[in-house]
Amino acid sequence: MMAKRDAIFPAGRQALYEMHNYSAAIRSGDLLFVSGQVGSRADGSPEPVFEKQVQLAFDNLTAVLEAAGCTFDDVVDVTTFHTDPAAQLETVLAARLKAIGDPPYPNWTAVGVTWLAGFDFEIKVIARLPQAG
């Protein structure tokens, strides 16, 4: 029999995940698969200012990583979704540089999309969990 999913949730955001029936992240072996994170305010609504929405998405991602005992140093794979990539890239790259730090960088795939449920940016990652001890 397969083990149940090992779900990770950051403090204070369970209602959002319960409302939409998904987990913030799933631990599988030594990997952490993080659901797409958006720049949602405390009530779940989109932050209207794009720069703040992107920073909030990175902050929300950081909270999920921390809940699993990870940091951005543990991230190996990044996928970002953009509603207007050409206009948004500079803002996203600035936030990315602040979050990711020094090389070597994780691999990164950016995808232009037409819909993100009222948001303009989403980021999902896979991280390798640090070895215990």
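FYI, it's all coordinate maths here, none of it is from the lab. Please read all numbers here as calculations on a predicted model, not as lab measurements. Cβ atoms come from the backbone with ideal geometry, glycine included; neighbour counts cover every protein chain shown.
Extending each Cα 7 Å along its Cβ direction at Arg128 and Tyr105, get the distance between those two points in nm, one decimal.
Using points 7 Å along Cα→Cβ, the separation is 1.9 nm.
Out of residues 5 or more away from Leu129 or on other chains, whose amide H comes under 5 Å of its own, with H placed 1.01 Å from N in the peptide plane?
Those qualifying (amide H under 5 Å, at least 5 residues apart or on another chain) are Leu31, Leu32.
Would you mind calculating the relative contact order of the chain from Cα pairs under 8 angstrom and at least 6 residues apart, reporting the percent as a whole number? Let's see the in-between values first.
Values: 222 pairs, mean separation 41.4, N = 133.
Averaging sequence separation for qualifying contacts and normalising by length gives 31 percent for the chain.
Tell me, what ³J(HN,Hα) does each residue in the stretch 26-38 have, in order and in whole Hz, if you take phi through Karplus 6.51 cos²θ - 1.76 cosθ + 1.60 with θ = phi - 60° and put x for Gly and Pro?
These are the phi-based 3J(HN,Hα) values: 10, 8, 9, x, 9, 10, 10, 9, 9, 5, x, 10, 10 Hz.
Just the number, please: percent antiparallel of the DSSP beta bridges in the stretch 21-133, rounded to the nearest 5.
On the way: 18 of 24 bridges.
So the antiparallel bridges in the stretch 21-133 amount to around 75 percent.
Nearest 10 degrees, 0 to 90: what angle lies between the long axis of helix 50-67 and the longest principal axis of the chain (Cα atoms)?
Approximately 10 degrees, to the nearest ten.
Mind checking Rg over Rh on the stretch 45-116, alpha carbons, Kirkwood formula for Rh? The partial results should precede the final answer.
Values: Rg = 12.4 Å, Rh = 13.0 Å.
That ratio is 0.95, to two decimals.
With only alpha-carbon atoms counted, please give the Rg and Dmax of the chain, in Å.
14.6, 49
Please identify, among Leu61, Leu89, Leu31, the residue showing maximal mean-square fluctuation in a Gaussian network model of the chain using a 10 angstrom Cα cutoff.
Judging by the Gaussian network model, the answer is Leu89.
Among all stretches of the chain without exposed chymotrypsin sites (Phe, Trp or Tyr not before Pro) (DSSP loop, at most 14 other Cβ atoms within 10 Å), which one is longest? Before the final figure, lay out the partial values.
Details: sites that count: Tyr22, Trp115.
Of all site-free stretches, the longest is 23-114.
Given H placed on each backbone N at 1.01 Å, which residues far from Ser35 in sequence or on other chains put an amide H within less than 5 Å of it?
The list, which skips near neighbours in sequence, is Ala25, Ile26.
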